[in-house]
Amino acid sequence: MEFADWLLAQTHRDDAVGDLARDFAEPGPHDCLDAATVEDVRAELDYYDADPVVYRALDEAAAEWRLLNSTPSLADIKSLVLEIRADVKALL
């Protein structure tokens, strides 16, 4: 999923990412509707000389989006499987 699509889906949130998403989605002189990537949104924020709080919200949104769109390594998967096995054994 592209960053812009993911961000538009975050308008329901009651946090800084949700505020950014609502600003991003609202048509007007400061919207970012033509922006597709994190870098595009950052360029729009630069153009409008956005408040540092907005940049922090973008950084938070970008980190979350990247995490959701990353492919875990085999080592990460093996580690998670071992943790789950240990949790299941502890429950038995």
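The values are calculated or read from the model by the stated rules, or taken from the named source; none is laboratory data. Computed from a predicted model, the values in this text were never measured in an experiment. Ideal geometry is used to build each Cβ from the backbone, glycine not excepted, and the neighbour counts take in all protein chains shown.
Specify which of the listed residues (Glu44, Glu39) is in a helix (DSSP H, G or I) and within 14 Å of the chain's Cα centre (by Cα).
Working: Glu44 fails: within 14 Å of the chain's Cα centre (by Cα).
Exactly one of Glu44, Glu39 is in a helix (DSSP H, G or I) and within 14 Å of the chain's Cα centre (by Cα), namely Glu39.
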So in the stretch 13-47, with the set limited to residues that are over 15 Å from Glu2 (Cα atoms) and either of a type in the set (S, T, N, Q) or loosely packed, with under 12 Cβ neighbours inside 10 Å (or both), which one is modelled with the highest pLDDT? Asp14
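Right, Asp76: on the phi < 0 side of the Ramachandran plot and at pLDDT below 95 or not? Before you say what the answer is, go through the steps one by one.
Details: on the phi < 0 side of the Ramachandran plot: yes; at pLDDT below 95: yes.
So Asp76 passes the test.
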Checking His12 against (1) in a helix (DSSP H, G or I); (2) touching a helix residue (DSSP H, G or I) at 6+ places or on another chain (Cβ under 8 Å), only one condition comes out false. Which one? (1)
Select from the stretch 47-61 the residues that are under 16 Å from the mean Cα position of the chain (by Cα) and among the hydroxyl-bearing types (Ser, Thr, Tyr) and list them in ascending order. Tyr55
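Considering only the stretch 49-85, how many residues are in a helix (DSSP H, G or I), surrounded by 10 or more Cβ atoms within 10 Å (Cβ to Cβ) and without any contact (Cβ under 8 Å) to a residue 12 or more places away in the chain?
Residues of the stretch 49-85 that are in a helix (DSSP H, G or I), as a first pass: 52-68, 74-85.
Narrowing further to those that are surrounded by 10 or more Cβ atoms within 10 Å (Cβ to Cβ): 53-66, 76-85.
Subset that is without any contact (Cβ under 8 Å) to a residue 12 or more places away in the chain: 59, 63, 66, 76-85.
Qualifying residue count, the stretch 49-85: 13.
Condition first: of a type in the set (Ser, Thr, Tyr) and touching a Phe, Trp or Tyr at 6+ places or on another chain (Cβ under 9 Å). Now tell me which residues in the stretch 34-58 satisfy that.
Looking only at the stretch 34-58, we keep the residues that are of a type in the set (Ser, Thr, Tyr), and these are 37, 47-48, 55.
The answer is Thr37, and nothing else.
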For residues that are among the aromatic types (Phe, Trp, Tyr) and over 15 Å from Asp5 (Cα atoms), scanning just the stretch 48-73, find the one that is modelled with the highest pLDDT. Tyr55
